[in-house]
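Notes to accompany the following structure.
The values are calculated or read from the model by the stated rules, or taken from the named source; none is laboratory data. Worth saying up front: this structure is predicted, and the values here are computed from it rather than measured. Backbone-built Cβ (ideal geometry, glycine too); neighbour counts: all protein chains shown. The protein model used for the area step is the full one, side chains on, heavy atoms only, and it has no ligands, DNA or RNA in it. Shrake-Rupley method; radii C 1.70, N 1.55, O 1.52, S 1.80 Å.
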Amino acid sequence: MAANTLRVAVTQAEPEWLDLQGSVAKTLRLIEEAAKGGAKLVSFPEVWIPGYPGAILTKHMARPVDPALTTRYIQNSLAVESEEMRSIQAAAKEHSTAVVLGFSERTSSNSLYIAQAIISPQGELLLKRRKIKPTHMERTIFGDGSGPDLTTVIDVPFGAPVGSLKVGTLACWEHTQPLLKYNTYAQGEVLHIAMWPPLNPFPAQPAPDAPELFGMTHDGCCALSTTYAIEGGAFVLYTTAVLSDAGVATLGSQEGVVLSQAGGGHAAVIGPDGRRLTEALEGGPTREGILFADLELERSVGVRGFLDVVGHYSRPDLLWLGVDKGEKKCVVEREGGQSV
């Protein structure tokens, strides 16, 4: 193994659906298992805690309003300032393993946000961000992120020989957002975690009459993640969840456009030039496990010598991106006409 190599772990596991305590307990077990495998970083899928609410994407919009299910989902979502989050941070510290976690964030007013956390090997919560715009029917459950959530990359201290490494993450169809992606590339990311819910393959092509959107399937989402790697020159951990028949029943998503059948797991590691660096886990998309990979970090350096879209392969004199990272608050107090 080269000196400047980082061993990573990509989870391919089923959430403990709508069960906060069960979800946290499984998270702790997977962190321990990843660490025993030698990983210095472990990734989890989008809203791993307490699982993606698949019932919102049913055919004919049959269940966009379900007060009982929504209440249960809120009650089992994860607050940032909570014993549950602190236990995950403690596990990261105990095992000296960075954790990149997708979760449904619950606020004190019981609003929910699709959130992501990057926890250091020392157990520090380095970054917590929210998806800036929930996708389509996700808006029936989750709110929008704000300016601070445009910070998508953070330095993670791994110690010798790797040192500090810029790690970033986006959620699901944020990988379709050109401006958001460019903003993330500009933060100097070396390792990117692409978080997705359970994803099933697109039918064999050509498939002009397939009812689902290509971009909502594994094939489409993996293509987006691969494009991200090529454009950004970063390693990408393509992280999707598993869904069993029991999970479909729990979610009531049998008539769903997505999450209607067992499967979903397609863990992969993509190199900074877009090549696949790993084989699929044996057992297929329903198999739970952890995919390990050793990342030779210098690959990213060589790739950017050819393609650096925020450096030598850009034209800021002609095209540039404006970013507003100020937080937009619901209540802004003023004294004498001045904000406080």
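Here are the numbers:
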| read-out | value |
| --- | --- |
| Signed unit charges on C-beta, dipole axis of the chain, positive-most listed residue Thr217, Gly232, Ala9 | Gly232 |
| Percentage relative contact order, the chain, counting C-alpha pairs under 8 Å, at least six apart | 20 percent |
| J(HN,Hα) series, the range 223-236, from Karplus relation 6.51 cos²θ - 1.76 cosθ + 1.60, nearest Hz, glycine and proline x | 4, 4, 5, 5, 4, 4, 4, 5, 5, x, x, 10, 5, 10 |
| Accessible area per residue in Å² at 1.4 Å probe, computed on the chain | 45 Å² |
| Accessible surface of the range 10-117, 1.4 Å probe, proportion on carbon and sulfur as whole % | 49 percent |
| Theoretical FRET efficiency, 1/(1+(r/R0)^6), r = Cβ-Cβ of Ala210 and Glu288, R0 35 Å, to 0.05 | 0.80 |
| In range of the label at Thr176: residues from the range 203-225 whose backbone nitrogen is under 20 Å from the point 7 Å along Cα→Cβ | 203-205, 207-225 |
| The range 265-340: GluC sites (Glu not before Pro) in DSSP loop, at most 11 other beta carbons within 10 Å | Glu279, Glu282, Glu327, Glu333 |
| The range 152-300 shape via C-alpha gyration tensor axes, a/c threshold 1.5 | prolate |
| In nm, spacing of pseudo-spin labels at Ala246 and Val301 (7 Å Cα→C-beta vector) | 4.8 nm |
| Directionally averaged projected area (convex hull, Cα atoms, the chain), nm² | 19.7 nm² |
| Options Leu179, Val258, Gly147, ranked by Cα towards positive dipole end of the chain, top entry (Cβ charges) | Gly147 |
| Unsatisfied cross-links (Cα-Cα over 24 Å) in the set Lys36/Lys128; Lys133/Lys325; Lys93/Lys131; Lys93/Lys133; Lys40/Lys328; Lys166/Lys325 | Lys36/Lys128; Lys93/Lys131; Lys93/Lys133; Lys40/Lys328 |
| Only Lys, Arg (+1) and Asp, Glu (-1) charged, at Cβ; the chain dipole about Cα centre in debye | 360 debye |
| Nitroxide proxy distance, nm - points 7 Å out along Cα→Cβ at Arg334 and Ser314 | 3.6 nm |
| Sulfur and carbon atoms: percent of accessible area, the range 122-225 [1.4 Å] | 59 percent |
| Using a Förster distance of 25 Å, the FRET efficiency for Arg139-Val323 (Cβ separation, nearest 0.05) | 0.60 |
| Global geometry of the range 232-325, whether rounded, prolate or oblate, following the gyration tensor of its Cα atoms and the 1.5 cut on a/c | oblate |
| Unit charges at the beta carbon, dipole of the chain: most positive-side option, Val331, Gln122, Asn110 | Val331 |
| Listed peptides 201-208, 42-49 by packing density, highest first (mean Cβ within 10 Å) | 42-49, 201-208 |
